[in-house]
Amino acid sequence: MLKCTEVSKRFGGLQALKKVDFTVNSNEIAGLVGPNGSGKSTLLNLISGVYKPDSGQIFFLDEDITKLPPYKICAKGITKTAQTVQSFPEMTAVENVLTSVLFNEKKSTGKIEALPRAQELLGFVGLSKEKFDLPAKNLNVVELRRVQLAKALATSPKLLLLDELLTGLTPTECDEAIELIKLINKQGVTILIVEHVMRVIMGLCDRVIVLHHGEKICEGTPKQVVNDENVVKVYLGKRFTLCEE
Ligand SMILES: Nc1ncnc2c1ncn2[C@@H]1O[C@H](COP(=O)(O)OP(=O)(O)OP(=O)(O)O)[C@@H](O)[C@H]1O
Ligand SMILES: [Mg+2]
């Protein structure tokens, strides 16, 4: 579904990504992990068009999307939730989602009842009903993440990029979020998730890619990746492998 070939990105003197080859297959849940600063968010920002690569190409459903602006990439079916939660703070939760429903409406030929759709999506992602009409600035970060996910789903993505969406959740909320992501995937949405909590990666992903200093150092099933000597050395540490045993 998605193919990145030799994608590189430099910020001034810092090589954030170095010739990364990377694929996501239709209908899978792929995980992207690696230490802080290894280039995970940069890669998602390249795929979604927020940044442009210095070199390399990105193909989505066999079409070269490397040079397209974010809104065109989104309209083609790739949507991202940002690591740092973004919202329109003065607008209510439901109005925030409405912006995406209305953006999506452009793709639809029929008339869409935008408000019920926004409410339905907020219910689906588990925001309590009494929060629907509160300004986004009054919501906590976990609630804002739910709104962000509803906004992303409103664009009818084929490929959903999730950048640390589950950060800050309690273990119970985390388990609920894992089930929600599985459900979204079952509904036909391919998912690429960046996450530091390995329990989430292990419970969700069909395949995991590991970045380190902007380079892909490992790729495989979650089990293969957590047992890879180099991944343990540079990212997971000995304790994780002992815990899993
Ligand atoms: N807009 C930018 N301008 C300058 N440097 C940047 C920019 N975005 C990212 N970087 C740098 O690129 C490197 C990779 O950053 P990136 O955010 O992709 O890492 P990450 O793997 O997502 O890390 P984390 O796990 O902390 O979110 C870091 O050294 C970061 O400081
Ligand atoms: Mg990041």
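The values are calculated or read from the model by the stated rules, or taken from the named source; none is laboratory data. Predicted, not measured: the structure shown is a model, and the values here were computed from it. All Cβ positions, even for glycine, are placed from backbone atoms using ideal geometry, and neighbour counts span all protein chains on display. For the accessible areas, the whole protein counts, side chains as well, though only heavy atoms, and no ligand, DNA or RNA atoms are used. Shrake-Rupley method; radii C 1.70, N 1.55, O 1.52, S 1.80 Å.
Among the candidates A93, A114, A118, the residue that is farther than 29 Å from H196 by Cα, of a type outside the set (V, I, T) and surrounded by 19 or more Cβ atoms within 10 Å (Cβ to Cβ) is uniquely A118. Any residue at all in segment 47-70 that is part of a strand (DSSP E or B), farther than 23 Å from H196 by Cα and among the small types (G, A, S)? Yes, there is a match, as at least one residue in segment 47-70 is part of a strand (DSSP E or B), farther than 23 Å from H196 by Cα and among the small types (G, A, S).
Among residues that are within 16 Å of ligand 2 (Cβ to nearest atom) and under 20 Å from L166 (Cβ atoms), S87 is not included. For segment 173-187, a tally of residues being within 19 Å of T79 (Cα to Cα) and open to solvent by less than 40 Å² (accessible area, probe 1.4 Å) returns 6. Taking segment 2-24, which residues are under 15 Å from the mean Cα position of the chain (by Cα) and either open to solvent by 20 Å² or more (accessible area, probe 1.4 Å) or within 10 Å of ligand 1 (Cβ to nearest atom) (or both)? Selection gives T23 alone. Among residues of segment 162-175 that are in a loop (DSSP other than H, G, I, E, B), those with a beta-carbon under 7 Å from a residue that is basic (K, R) at least six positions away or on a different chain give the pairs L165/R145. Picking from residues in segment 35-55 that are crowded, with 17+ Cβ neighbours inside 10 Å and more than 15 Å from the chain's Cα centre (by Cα), the one that is nearest to ligand 1 (Cβ to nearest atom) is S38.
For (1) within 23 Å of I201 (Cβ to Cβ); (2) within 13 Å of ligand 2 (Cβ to nearest atom); (3) modelled with pLDDT of 95 or more, each residue gets a yes or a no:
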position: S8; (1), (2), (3): no, no, yes
position: K19; (1), (2), (3): no, no, yes
position: S26; (1), (2), (3): yes, no, yes
position: I29; (1), (2), (3): yes, no, yes
position: L32; (1), (2), (3): yes, yes, yes
position: T42; (1), (2), (3): yes, yes, yes
position: S55; (1), (2), (3): no, no, yes
position: F59; (1), (2), (3): no, no, yes
position: E63; (1), (2), (3): no, no, yes
